[in-house]
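A.B. asks: My questions all concern the structure below.
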Amino acid sequence: MRRLAILLCLLLMATPGLAVQPDEVLDDPALEARAREISEGLRCLVCRNESIDESNADLARDLRLLVRERVLAGDSNDEVVAYIVDRYGEYVLLKPRTDGANLVLWLAGPLMLIVAGGAGLVFLRRRARAAEPAAATLTDAEQARLREILDD
């Protein structure tokens, strides 16, 4: 029974590798390797953080076929990726580019961390330098009323 459970777990872990259907595979092993390399860097727009090579979604299949079609047409890897990005937008890349407008997004997180750290340091220094507030003293009438309440 334990061996069956282990076998079942291994089969379930292997399912993403079976996403590329046999009818999609190119006859030329070199071109197929190029197509796989390209599709590993492209995001499935349905599954989010899964490459089109691992996804079973219909859109991922269409993208895999499109990649293979462009590879067969003689496009270079960069031309295939550029074609897909022009068609579907930069979101299709699993590793976004670090230039242009994306540079702002790449630098925003570390920059906000530095700003927040600086603000925290300024706050802690000002707090350390601040004088202790003087203890409020009670008037004679207030002390008498307090004694009266405590005696009850």
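Please treat every number below as a calculation from the coordinates, not as lab data. Because the structure is a prediction, the values reported are computed rather than measured. Neighbour counts run over all protein chains shown; Cβ positions are idealised from the backbone, glycine included.
A.B. asks: At a 10 Å Cβ-Cβ cut-off, how would you order Ser51, Ser39, Ser76, fewest neighbours first?
C.D. replies: Ser76, Ser51, Ser39
A.B. asks: Only Lys, Arg, Asp and Glu count, each charged at its Cβ (+1, +1, -1, -1), so figure out the dipole size of the chain about its Cα centre, rounded to 20 debye.
C.D. replies: In total the dipole reaches around 540 debye.
A.B. asks: With 10 angstrom as the radius, rank Tyr91, Tyr83 by how many other C-beta atoms surround their C-beta, starting from the fewest.
C.D. replies: Tyr91, Tyr83
A.B. asks: On to the next question. Per 0.36 nm of contour for each residue apart, how much would the distance between Arg129 and Leu45 grow if the chain were fully extended, relative to their Cα-Cα spacing?
C.D. replies: The span from Arg129 to Leu45 would gain 24.8 nm if fully extended.
A.B. asks: Exposed loop trypsin sites (Lys or Arg not before Pro) only (DSSP loop, at most 16 other Cβ atoms within 10 Å): please give the longest stretch of the chain free of them, not including the sites.
C.D. replies: Longest site-free region, per DSSP loop and neighbour criteria: 98-152.
A.B. asks: I would also like to ask the following. What is the helix-to-structure angle for 77-88, meaning the angle in degrees between its Cα long axis and the longest Cα principal axis of the chain, kept from 0 to 90 and rounded to the nearest 10?
C.D. replies: Result, in degrees: 60.
A.B. asks: Further question on the same structure: Which of Met1, Met112 has the fewest other C-beta atoms within 10 Å, and how do the rest follow up to the most?
C.D. replies: Arranged by neighbour count, lowest to highest, Met1, Met112 become Met1, Met112.
A.B. asks: Treating the angle as unsigned and between 0 and 90°, give the value, to the nearest 10°, between the Cα long axis of helix 58-72 and the longest Cα principal axis of the chain.
C.D. replies: 50
A.B. asks: Working from Cα positions, state the angle (0 to 90°, nearest 10) between the long axis of helix 101-129 and the longest principal axis of the chain.
C.D. replies: 20
A.B. asks: Moving on. Mind sorting out which of [x] 100, 55, 22; [y] 81, 32, 32; [z] 53, 34, 29 is the real Cα extents along the principal axes in Å computed from the coordinates?
C.D. replies: [x]
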